[in-house]
Every structure is written in structure tokens, then in C-alpha cells.
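The values are calculated or read from the model by the stated rules, or taken from the named source; none is laboratory data. The model shown is predicted, which means the values in this text are computed figures rather than measured ones. Cβ coordinates were reconstructed from backbone atoms using ideal geometry, including for glycine residues, and neighbour counts include every protein chain displayed.
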Amino acid sequence: MFKKSAQSTSKLSTCVRQMVSIEKNKIFIGHIPHYRRNEVIDMFGFREGGFPETYLGIPLVQGQVTKNTKTPLLDKIRKRANSWNGRMLSFQGRVVLAKFILTSIPIYNMAIYKWPQTLIKEGDAIIRNFIWTRDPTKRKGITLRWEKLCKPVKEGGLGIRSLKDVNNAMLCKLNWIFMRREEPWAQMIYAKFHTKSGDMIKYHKSSSVWPGIKFAKPITKPFIGWIIGNGKKINFWRDTWATSIPLREHIDLPNHLWKLCTAKVSDFINPDGWNFPTDISLALLAMVKNAFESTRDRLDTDWWWKYTWLQCLHPGLSGFAWKLMNQILPTGDLIQRKGIQLVSICNHCGLIAESANHLFFECNVAKVI
């Protein structure tokens, strides 16, 4: 097999009239004897590679994805945020940088691997601290909940995507490609983690990609179905194509009988139409939605968002109005709620304790304005 692979590589170089770069290529060898390993290396002429290895900017790891393998990406986010620390950036400017730069740094890595929750929380904390304090290591006392901050502007947030939602959305896309089973890698993964009858294996096999695909399966399940063509690729019992859940989950049968159920939808299609068993009622389903919009938690639309983010307003004023409507301005009453001893009094009338509602709506000076 190794000789045929080496011969194929040589023929490919001859056909395309290009030499295979020995410096840029590596060969990864599994558990084989050392003498055989040396023969393979001499046969191809490539250097032997080992894990972890970086390919197209993504570190390839073997086995479970751990915190140590993803820490360099967090350091990259922290370093980029620190590079803006000395600049006089407004609140809205920091929001734009966080939305379009910081949250996009790990996106290619998240498209393949499922990140541990500890890493996601640490990455969100870096972005959150940068938005509020300019410093990714310092936390501000009076802020808005991170979950609310990551909502769209229509729902009272700033439109920032949390790393958790980004990771889930990218894994949903990966799971969708896997379920179609058109790519060679998807066919290989499916054969490795499924039995010949189509059931998922019950025992453990080491993989760095499969945990993410498996995690995204229940998330994408309600939003993915098959559009019926010839039916040759659709498993009649295990795929979601007729109802909101696979037909197998409607029927209670022992596992040893399910091994015999390998029919495709094409087996029930004839030139005259459908040829289903009479005791099964079917309804066609074809529904695929945007992964991010479908998986995130939603809030009611706030009435004030359209007035806050008008294009005619300066971004600084929009950010101030957003803080006011979310009641996170550092007024005296909120500071006292944090346990800080402070004399709270309105600077305009000097009669009532300072609060956002009083300053902008109830104070006599505010009413005149």
C-alpha cells in the first residue's frame, strides 16, 4: 500500500509537471514498528510529523481537545486587545473592534473543534473587560449581563456574538456537512463511529473532531430535514425526513432487530409513487435555518432600539443612550448597590438621591430642558 502511494505521488508530479516540495510536506505515521517506519520515510522522502501540528493556521491535535491546546488563541485575543489599550477609544469604538476583530480570531479553530467551557468563559471575559474598561484584565463594577450584551440591537444588546454562540454555530455547520456525507472526510468519520446498520457506536474511540459533531447533532436536529429526491442516500428509519424526529424514535424495537433495518427511502419509491407500509403515516419535512439565529436564545424586541441607533446620531451619543435605557450608568444609587459607601445626591437640585430616572426625567432642571 505504501509503495502504491509513493508511486501515485511520483505519477502526479509527472502529470502536473510540478515537483512535490519535500520541505513543505510531512508524513504522519501510526503505530507501526520502527524498522517499518524508517522504510516508509525513506520511500516518500518526507520528514515525519507529529502532533500537535499547525496546518493552515489551525493546530491539529490528536485525541481530546484540552485547554493547553487552545490557550495560545486566548493569548492572541488578549494581546490584540492590549495593543489598543493606550489609544483613546470611545465605548462605541471598542464595541466595533470587539465585534469584528476579537470575536473573529478563533473562528476557524471553532469551526472544527468544540471548545471547553472554561476556555469560552475566559475568552468572553477578555472581550467583556476590553469593552467596559479598555483593559482585558480589569473588570468594571457596573455593567450589563454578558448574555444581554450579546443580543441584537433590536433586543437591547450590542450585537456582539459570544464565543459560545460562535462555537455552537460553527459546529452546527460542521454537523450539517457531516450529515450530507458528500465529503470524503465525512464518509470516513461516519464509517468510524457508526455500525454497518447505521447506528452510532456505544463505545469510545479517540477523535478530536467527533465530539464537536456529536455535540451539535441535538442542536441542529430540529432544524434539518431531507428534501426527497431519489431517496438513495436517505436512511428510512434513522434520518429526519418524514416527521420532526426520525421514525426509529416512534417505534420501540430491540436493538438486535434494528440492526436488520437498513432500508433506504428509495426502496419505497416506485414509478407510480410511494409504496409505504400501510401502518405508517408520513408527512414530508424540508426545513433548514440559519444556525446562529436558530440556536441562540431570543428576547423581546425593545421599542427604543430604533431611536438609539439612528445614523444621524454620533456613535458616542448612541452608546450613552443605550447605557441609559439599560440602566447601567454609574449613578449614585447603582454604586451604593455594589456595597460602596457613597453620599448620593443630585448635583442639579440637591434634594434627592442621584439616579438615572431622576437625573433625566424627574429632576426640575431636567424638566425645564
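Which residue out of 107, 101, 120 is of a type outside the set (Phe, Trp, Tyr) and within 19 Å of residue 54 (Cβ to Cβ)? If you could, list the steps in order and put the result at the bottom.
Numbers: 101 fails: within 19 Å of residue 54 (Cβ to Cβ); 120 fails: within 19 Å of residue 54 (Cβ to Cβ).
Testing whether each residue is of a type outside the set (Phe, Trp, Tyr) and within 19 Å of residue 54 (Cβ to Cβ) leaves just 107.
Of 233, 151, 196, 217, all but one fail to be outside the structural domain of residue 114 (by TED's automatic domain parsing), in a loop (DSSP other than H, G, I, E, B) and charged (D, E, K, R); the exception is 233.
Per-residue answers, yes or no, for (1) under 27 Å from residue 302 (Cα atoms); (2) in contact with a Leu (Cβ under 9 Å, 6 or more places away or on another chain):
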position	(1), (2)
153	yes, no
156	yes, yes
166	yes, no
171	no, no
174	no, no
178	no, no
182	no, no
188	no, no
193	no, no
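Flag: residue 82 does not match the condition of being assigned to a helix (DSSP H, G or I) and within 30 Å of residue 175 (Cα to Cα). Please verify whether segment 170-189 includes one or more residues that are touching a helix residue (DSSP H, G or I) at 6+ places or on another chain (Cβ under 9 Å), part of a loop (DSSP other than H, G, I, E, B) and free of Cβ contacts under 8 Å to residues at least 12 places away in the same chain. Among the residues of segment 170-189, at least one is touching a helix residue (DSSP H, G or I) at 6+ places or on another chain (Cβ under 9 Å), part of a loop (DSSP other than H, G, I, E, B) and free of Cβ contacts under 8 Å to residues at least 12 places away in the same chain, which makes the answer yes. Only one of the numbered conditions (1) free of Cβ contacts under 8 Å to residues at least 24 places away in the same chain; (2) touching a helix residue (DSSP H, G or I) at 6+ places or on another chain (Cβ under 6 Å); (3) not in a helix (DSSP H, G or I) is not met by residue 205, and that is (2).
Tell me, please, whether a residue that is closer than 26 Å to residue 303 by Cβ, free of Cβ contacts under 8 Å to residues at least 40 places away in the same chain, assigned by TED's automatic domain parsing to the domain that holds residue 308 and not aliphatic (A, V, I, L, M) can be found in segment 136-148. So far as segment 136-148 goes, yes, one or more of its residues are closer than 26 Å to residue 303 by Cβ, free of Cβ contacts under 8 Å to residues at least 40 places away in the same chain, assigned by TED's automatic domain parsing to the domain that holds residue 308 and not aliphatic (A, V, I, L, M).
Among residues of segment 207-234 being closer than 16 Å to residue 186 by Cα and among the polar types (S, T, N, Q), the one that is surrounded by the fewest Cβ atoms within 10 Å (Cβ to Cβ) is 207.
If you scan segment 182-206, which residues turn out to be β-branched (Val, Ile, Thr) and surrounded by 14 or more Cβ atoms within 10 Å (Cβ to Cβ)? 189 - this is the single residue of segment 182-206 that is β-branched (Val, Ile, Thr) and surrounded by 14 or more Cβ atoms within 10 Å (Cβ to Cβ).
Residues in segment 1-35 that are modelled with pLDDT of 65 or more and either aromatic (Phe, Trp, Tyr) or surrounded by 11 or more Cβ atoms within 10 Å (Cβ to Cβ) (or both): 20, 22, 25, 26, 27, 28, 29, 32, 35.
Pick out the one residue from 119, 149, 163 that is more than 15 Å from the chain's Cα centre (by Cα) and surrounded by 14 or more Cβ atoms within 10 Å (Cβ to Cβ). Please lay out each step first, then the result.
Values: 119 fails: more than 15 Å from the chain's Cα centre (by Cα); 163 fails: more than 15 Å from the chain's Cα centre (by Cα).
One residue alone meets the criteria, 149.
Quick check on residue 76: is it closer than 30 Å to residue 176 by Cβ and over 17 Å from the mean Cα position of the chain (by Cα)? Criteria met by residue 76.
Taking segment 110-134 as the range and being of a type outside the set (Val, Ile, Thr) and in contact (Cβ under 8 Å) with a residue 60 or more places away in the chain as the test, the residues that pass are 110, 111, 113, 114. Looking only at residues of segment 57-73 that are assigned to a helix (DSSP H, G or I), among the polar types (S, T, N, Q) and within 19 Å of the chain's Cα centre (by Cα), we find that the one that is surrounded by the fewest Cβ atoms within 10 Å (Cβ to Cβ) is 71.
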